[in-house]
1. For segment 1-111, give me every one of the strands (runs of 3 or more DSSP E) that falls completely inside it and has 1 or more residues that are in contact (Cβ under 8 Å) with a residue 24 or more places away in the chain and not polar (S, T, N, Q).
2. Take Val96 and tell me if it is over 11 Å from the mean Cα position of the chain (by Cα), of a type outside the set (D, E, K, R) and open to solvent by less than 40 Å² (accessible area, probe 1.4 Å).
3. Scan segment 64-111 residue by residue and report those that are charged (D, E, K, R) and over 24 Å from Ile34 (Cα atoms).
Amino acid sequence: MGDKPIWEQIGSSFVQHYYQLFDADRTQLGAIYIDASCLTWEGQQFQGKAAIVEKLSSLPFQKIQHSITAQDHQPTPDSCILSMVVGQLKADDDQVLGFHQTFLLKNLQGAWVCTNEVFRLALHNV
């Protein structure tokens, strides 16, 4: 991983950490957000750490597994990292679905946090 630019290393590490937490215990995701964070989940807007964790914790499935197909990371002019993830997920006994997720990461006091996040299932003809 050392031959990749630092923003790709940080973005990849964040993505791995995020989905490990999400799949194991999404109530623990609060550590990656701040009170100013924003989430758009399938078109619904949530702002603030508490509202985001409440939304993610209340999703209507017991177990979930994400499989990452691709991820891209870019540095932004204001020293943030933009990360875009494409993959598949399987929730409970439902069919496998594709998804797209975008994160904007910011370094605050030495820790990378998610300030903005957008999630959409890759559904067609719905």
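1. Qualifying strands (runs of 3 or more DSSP E): 33-41, 64-75, 81-91, 97-108.
2. Taking the combined requirement at face value, the residue does not satisfy it.
3. Lys90, Asp92, Asp93, Asp94
The values are calculated or read from the model by the stated rules, or taken from the named source; none is laboratory data. Bear in mind the structure is a predicted one, so any value in this text is a computation, not a measurement. Note: ideal-geometry Cβ built from the backbone for every residue, glycine included; neighbour counts use all protein chains shown. Side chains are part of the model used for accessible areas, which takes the heavy atoms of the whole protein and leaves out ligands, DNA and RNA. Shrake-Rupley method; radii C 1.70, N 1.55, O 1.52, S 1.80 Å.
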